[in-house]
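The values are calculated or read from the model by the stated rules, or taken from the named source; none is laboratory data. All of these numbers come straight from a predicted model, not from anything done at the bench. Quick reminder, even Gly has a Cβ in these numbers, built from the backbone with ideal geometry, and neighbours come from all protein chains shown. Calculation scope for accessible area: heavy atoms of the full protein, side chains included, ligands and nucleic acids excluded. Shrake-Rupley method; radii C 1.70, N 1.55, O 1.52, S 1.80 Å.
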Amino acid sequence: MPDVITVRVQTDSESFQEVVVKIERRTYNKPFLGGFRNMSTGVEFHNAGSQTKPKKRPDKGIQLFCRETQTVVEKNKQQQTRNTASTQMTKIGLYVSNMTDKLITPGKYFTAEEYHKRRLEAVIVLQKYFRRWHAINLAQNLMEQKRLRLALEAQEELQKKREKEEKLRREYEKKLNPKTKEDFELLYHDLELWMQEETERINRTLTGAERKAALCALLEEETELIACIGMHKLNANVENQQKAILQLLEFYKLFLKCAQPRRWKAFDGKITEMDTQNTLRGKELLEIYRSISTKDIPKDERTSVLLTLKCTVKEHECKLTQEIVALIDREVDLMSREVKECNLEGLRKRICTLFLQYIKIPEFNPEVAGLLKVPQDPLKLYKNVYFCHSCENYLPSTEFPIPANSRTIGRCRSCYQLDNEARKREAHFKYRLILENLRKSEVDYQDDSKIVFLVQLPDMQYLIETIWNSQSALSACSDLYELVMVRWDKQHEWSPWNTILLTKEEADAHLKLCNLQKAYEAPFIYKIKQKHIRAKNYFAQFPAMSSFLHKSNNQANAN
């Protein structure tokens, strides 16, 4: 129905008037006050009172209630139950047997206090048995927890013992069969410790000519041990040459990647592949390399493969391709003379090696340019190449260990290692493990820690040996394999003035603490703060640390 309607009203017998009527939409449920329904059409007609808006009562300012809320309806009802009974007694003309009758005598009367006392005693007995049962269960649970705790501690202790034995076994294996630089570093360190012990023993027990003779014998023995370590180095170099060959095979995998077509995923999920000119060139070179690497093939097929290789490399004239062509001609000539296959293995390996070098050059194989780690343009290398004044070699920046307090480029890693083997013979393997574990733990915090990556191995060695005396701050454990460095206050990033040296178990417990002032005593906190001040004074000399020092001082002043 529209909001406004026009109604035609008859005013006189012959005159009519149109009246505009505005429809008011009801905002309440319309009460039904009666009406009727047309039986033929089904239309309902309501009384006039239901069509108009009800009149509101005037507000008198007093809250009124209806009568039903002011009165209470009372109701009387009898609660007597219907239980009729009768008793038959013996009388004249009727006999009732008394064989089943019972004689009831009144017992001892007890008061309400005695009754409640009996109930209380019964409740106490129940509580006693319940508490006994609960105590037994509690004791059994505690005993079970103790048993599990002791079993867990025994298992952890056994695990620690096994890890320590495995660690000692690996260290002994490294010293017995050294292969890496760290292994030889440990060997030279043990040699230096043995020399110091023997020298101290000789100086303490012998004098005069006997002392000089003993020192000469000790020097000869040291020379023999150094020569033995040198023999182990030669053997390790042979194994490293074998690893270099394996790296050449890794390049073969890289070569397989060059021959793969370009792939991308379409909107419908299908994979589309496309061979470009560079990937087709890579496939061609891959097929040639597989053919010349295949063994035990007939001479005709081998000759055909060599001719294909010759035609391929002749497309580019250079010294490398000329050498490959010369080797191919030599092998063809030797095969025509019926030379045995075993005598041609060295020549064929040279052809494969030179062909791999041919594939590495982006001019001959453009697809490999994006996969090589070393850029072919020498101008890109000049920016990060430095001169070592000790070995007089030009090396990349990654070959120079630069401490945080360094202002110039010093000697390369090889020169440092050679000087360490000849003079100090220090072992940095344990400090390197502590530094690596510290950096991994700082990465897990994900709070953009920076100072830990500025600290180098010599700085970490100074921090552990000089500041923390190479022992745990709590238990004084001096086994560096068991020690780790963690944050003193875990809310701030790690720094030399916000750290503590602990064992692994102590570090786990320390990082769970929320309030250090309540967990540790005041003398211990004062001792740690003194070590932090010493570390801050030492690292304040480093230019890279100055900005972080100012930041930490500002935070301390704000706190």
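Taking every residue in the range 32-44 that is part of a loop (DSSP other than H, G, I, E, B) and pairing it with any residue that is open to solvent by less than 100 Å² (accessible area, probe 1.4 Å) and of a type in the set (Phe, Trp, Tyr), at least 6 positions away or on another chain, the pairs with Cβ-Cβ distances below 9 Å are ASN38/PHE45.
The single condition among (1) modelled with pLDDT under 80; (2) assigned to a helix (DSSP H, G or I); (3) open to solvent by 80 Å² or more (accessible area, probe 1.4 Å) that GLU197 does not satisfy is (1).
Of all the residues in the range 58-104, those that are in a loop (DSSP other than H, G, I, E, B), open to solvent by less than 100 Å² (accessible area, probe 1.4 Å) and modelled with pLDDT of 75 or more number 6. When the range 417-451 is filtered for residues that are in a helix (DSSP H, G or I) and either aromatic (Phe, Trp, Tyr) or open to solvent by 80 Å² or more (accessible area, probe 1.4 Å) (or both), the ones remaining, listed by number, are LEU418, PHE429, TYR431, GLU436, LYS440, VAL443, ASP444, TYR445. The set of residues in the range 462-505 being among the polar types (S, T, N, Q) and either in a loop (DSSP other than H, G, I, E, B) or open to solvent by 30 Å² or more (accessible area, probe 1.4 Å) (or both) consists of THR466, ASN469, SER470, GLN471, SER472, SER475, SER478, GLN491. Scanning the range 509-521 for residues that are over 14 Å from GLU442 (Cβ atoms) and in contact with a strand residue (DSSP E or B) (Cβ under 9 Å, 6 or more places away or on another chain), which turns out surrounded by the most Cβ atoms within 10 Å (Cβ to Cβ)? Result: HIS510. What about TYR115, is it hydroxyl-bearing (Ser, Thr, Tyr), modelled with pLDDT of 95 or more and assigned to a helix (DSSP H, G or I)? No: the conditions fail for TYR115. Scanning the range 166-189 for residues that are without any contact (Cβ under 8 Å) to a residue 60 or more places away in the chain, touching a helix residue (DSSP H, G or I) at 6+ places or on another chain (Cβ under 8 Å) and part of a helix (DSSP H, G or I) yields GLU171, LYS174, LYS175, ASP183, LEU187. Name the one entry in ALA213, ALA209 that is more than 17 Å from ARG425 (Cα to Cα) and either surrounded by 11 or more Cβ atoms within 10 Å (Cβ to Cβ) or in contact with a Phe, Trp or Tyr (Cβ under 8 Å, 6 or more places away or on another chain) (or both). ALA213 is the lone residue from the list that is more than 17 Å from ARG425 (Cα to Cα) and either surrounded by 11 or more Cβ atoms within 10 Å (Cβ to Cβ) or in contact with a Phe, Trp or Tyr (Cβ under 8 Å, 6 or more places away or on another chain) (or both). The set of residues in the range 332-358 being farther than 16 Å from TYR289 by Cβ and surrounded by 12 or more Cβ atoms within 10 Å (Cβ to Cβ) consists of VAL332, LEU334, MET335, VAL339, GLU341, LEU344, LEU347.
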